[in-house]
Amino acid sequence: MLKEKSLINFKKAHSLMAKIIEMTKDNKYCIDIMQQNLAVIGLLKSAHQMLMEGHLNSCFKKAMGTKNEKRKQEMINEILTVAKISNK
């Protein structure tokens, strides 16, 4: 369910990016372009959050429920890596 909602956000962001490109090519007012850019950033952040939530509640939870310590550590490392990247 969350992946489908993320996909909707990605499609909206894609559409807005095309609009931003045209606005930039047409030399539209900078503030208008920046507002559209912020809308895209918001959609992408929201999609990221939904994907993270879905991953934690499915793949991550499943891995943590196993006795495979190597797999658990791999999953923890993946989450930490994504968290570090998203905080830059």
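Things to note:
- Distance between the 7 Å Cα→Cβ label points at residue 7 and residue 21: 2.2 nm.
- Taking other Cβ atoms within 10 Å as a rough exposure proxy, 60, 10 sort from fewest to most as 10, 60.
- Per-residue Karplus couplings for the range 57-69, computed as 6.51 cos²θ - 1.76 cosθ + 1.60 with θ equal to phi - 60°, are listed in order as 7, 10, 4, 5, 4, 4, 5, 5, x, 8, 9, 7, 5 Hz, Gly and Pro entered as x.
- Taking N as its residue count, the alpha carbon Rg of the chain over 2.2 N^0.38 Å: 1.46
- Taking 14, 48 and counting other C-beta atoms within 10 Å, the order from fewest to most: 14, 48
- Annotation: for a label point projected 7 angstrom from Cα along Cα→Cβ of residue 72, residues of the range 28-61 with backbone N closer than 19 Å are 56-61.
- Across the chain, C-alpha contacts under 8 Å between residues 6 or more apart give a mean separation that, scaled by the residue count, equals a relative contact order of 35 percent.
Here, each number is a calculation from the coordinates, and none is a lab measurement. Model, not experiment: these values are computed from the prediction. Neighbour counts run over all protein chains shown; Cβ positions are idealised from the backbone, glycine included.
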